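Engineer: One structure coming up, written as structure tokens, with questions to follow.
The values are calculated or read from the model by the stated rules, or taken from the named source; none is laboratory data. As the structure is a computational prediction, the values presented were derived from the model and not from experiment. Virtual Cβ from ideal backbone geometry, glycine too; neighbours counted across all protein chains shown. SASA here: full protein model, heavy atoms, side chains in, ligands and nucleic acids out. Shrake-Rupley method; radii C 1.70, N 1.55, O 1.52, S 1.80 Å.
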Amino acid sequence: KKKKKRPYPVDGLYTVRSYYDEVIDLYHGNYDRPIEIGYESLDPLYKIMKGTFHVWTGIPNHGKSTFLDQCLIQVAKQHGWKFAMFSPEHSTKMHIRRLLQMVVAKPFDKGLHNRMTEQEAVQGMSWINEHFYFIETREHIPTVDKILGITKDTIQKYGCNALVIDPYNEIDASRRGTQREDEHIRDFISKCKRFSKNHDITTFVVAHPTKLPKDNGQYQAPSAYDISGAAHWHNQADAVVVVHRDFDAGTVQVITRKIREQGLYGKIGEATFWFNPETHTFEEPRVSACFFFFF
């Protein structure tokens, strides 16, 4: 008689049985769905899904970080999300100031019309304190492993739903041995994607373009291919969003360059916004709106 083969576990190997309950949940529609930010023109193009990796890019000073911050505030207000923020280009107090202006929808600084009161500032900070957690490593440039380690603790302690790295070039870029820059970027993205899936969060990374495409002397909206290590940024990302300022029109275009699962959490297209200096927020244009632009 032939001996029956005894099953034994193989590390890293799975069968359908391992996923039975999850697939049945999918069949019955019991799964996480993408969430909308809350803008009529942008929501059909761009939704946020847990377990995904998003790249935001744009020409410096075109408003990508500011617009992303406003989207995070919208998501926190509508869905109660919490964010771990690594954003060292500006001091944390200045970042909180920027968030406050959008939360309160009034200017922060002295001498400006309709300035927020101290009570409004305190109430705004109380709300921000419940939704934003700031990662700081004051003595050294952190590695991605350090940031992900702090984020893991933040998820466990506060229930954070997303990580924001703004910008990528403020992370330690040291490479091991003869590793090329594009290989380092590939590994960085892979670590972030795996972390996002394992912890059921969304990761947003702001990456500056190194190439600025021109057409008739005017800067054109970049893509992920204009970021150093281009192919990996585009190919590995689940979504690529570009924020581009049109100086002539006084508007900002928010362009989706890539959506991996089109139809599920967006599609390729663009939405137009203008910046209201009275409320320090981006707004969808109305027919009667006058366009202003200040940062």
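Engineer: Being outside any helix (DSSP H, G or I) and either open to solvent by less than 30 Å² (accessible area, probe 1.4 Å) or hydrophobic (A, V, I, L, M, F, W, C) (or both) is the filter here, so list the residues in the range 215-225 that pass it.
Structural biologist: Passing the criteria: Ala221, Pro222, Ser223.
Engineer: Confirm whether Tyr39 is among the aromatic types (Phe, Trp, Tyr), modelled with pLDDT of 95 or more, touching a strand residue (DSSP E or B) at 6+ places or on another chain (Cβ under 8 Å) and surrounded by fewer than 21 Cβ atoms within 10 Å (Cβ to Cβ).
Structural biologist: For Tyr39, the condition - among the aromatic types (Phe, Trp, Tyr), modelled with pLDDT of 95 or more, touching a strand residue (DSSP E or B) at 6+ places or on another chain (Cβ under 8 Å) and surrounded by fewer than 21 Cβ atoms within 10 Å (Cβ to Cβ) - is met.
Engineer: Okay, next question. Take the residues in the range 147-193 that are part of a loop (DSSP other than H, G, I, E, B), among the small types (Gly, Ala, Ser) and closer than 24 Å to Tyr225 by Cα; name whichever of them is least open to solvent (accessible area, probe 1.4 Å). Steps first, please.
Structural biologist: Pass one, the range 147-193, residues part of a loop (DSSP other than H, G, I, E, B): 159-161, 166-167, 171-180.
Keeping just the survivors that are among the small types (Gly, Ala, Ser) gives 159, 173-174, 177.
Retained after the next criterion (residues that are closer than 24 Å to Tyr225 by Cα): 173-174.
On the way: Ala173: 61, Ser174: 83 Å².
My answer is Ala173.
Engineer: Where residues in the range 43-55 are within 26 Å of Lys211 (Cβ to Cβ) and out of contact with any Asp or Glu (no Cβ under 8 Å at 6 or more places or on another chain), which of them is surrounded by the fewest Cβ atoms within 10 Å (Cβ to Cβ)?
Structural biologist: Per the stated criteria, the residue is Tyr46.
Engineer: Return the residue satisfying two criteria in turn: it lies in the range 67-86 and is among the polar types (S, T, N, Q) and open to solvent by 20 Å² or more (accessible area, probe 1.4 Å), and of such residues it is farthest from Gly250 (Cα to Cα).
Structural biologist: So the residue we want is Gln78.
Engineer: Here's something else I'd like to know. Can you find, within the range 234-260, the residue that is surrounded by the fewest Cβ atoms within 10 Å (Cβ to Cβ) among those that are acidic (Asp, Glu) and more than 17 Å from Ala224 (Cα to Cα)?
Structural biologist: Out of the qualifying residues, it is Asp248.
Engineer: While we're looking at this one, here's another question. Give the number of residues within the range 93-146 that are open to solvent by less than 40 Å² (accessible area, probe 1.4 Å), in a helix (DSSP H, G or I) and within 21 Å of Ile171 (Cβ to Cβ).
Structural biologist: Residues in the range 93-146 being open to solvent by less than 40 Å² (accessible area, probe 1.4 Å), in a helix (DSSP H, G or I) and within 21 Å of Ile171 (Cβ to Cβ): 2 in total.
Engineer: If we scan the range 98-107, do we find a residue that is hydrophobic (A, V, I, L, M, F, W, C), in contact (Cβ under 8 Å) with a residue 12 or more places away in the chain and within 15 Å of Ser87 (Cα to Cα)?
Structural biologist: yes
Engineer: Of the residues that sit in the range 261-295 and are at pLDDT 90 or above and among the aliphatic types (A, V, I, L, M), which one is surrounded by the most Cβ atoms within 10 Å (Cβ to Cβ)?
Structural biologist: Ala271
Engineer: For Ser228, all conditions in the list (1) farther than 30 Å from Ile147 by Cα; (2) open to solvent by less than 40 Å² (accessible area, probe 1.4 Å) hold save one; what is the number of the exception?
Structural biologist: Among (1) farther than 30 Å from Ile147 by Cα; (2) open to solvent by less than 40 Å² (accessible area, probe 1.4 Å), Ser228 violates only (1).
Engineer: Separate question: Check the range 4-26 and report whether any residue there is modelled with pLDDT of 90 or more, surrounded by 10 or more Cβ atoms within 10 Å (Cβ to Cβ), aromatic (Phe, Trp, Tyr) and closer than 24 Å to Phe195 by Cβ.
Structural biologist: yes
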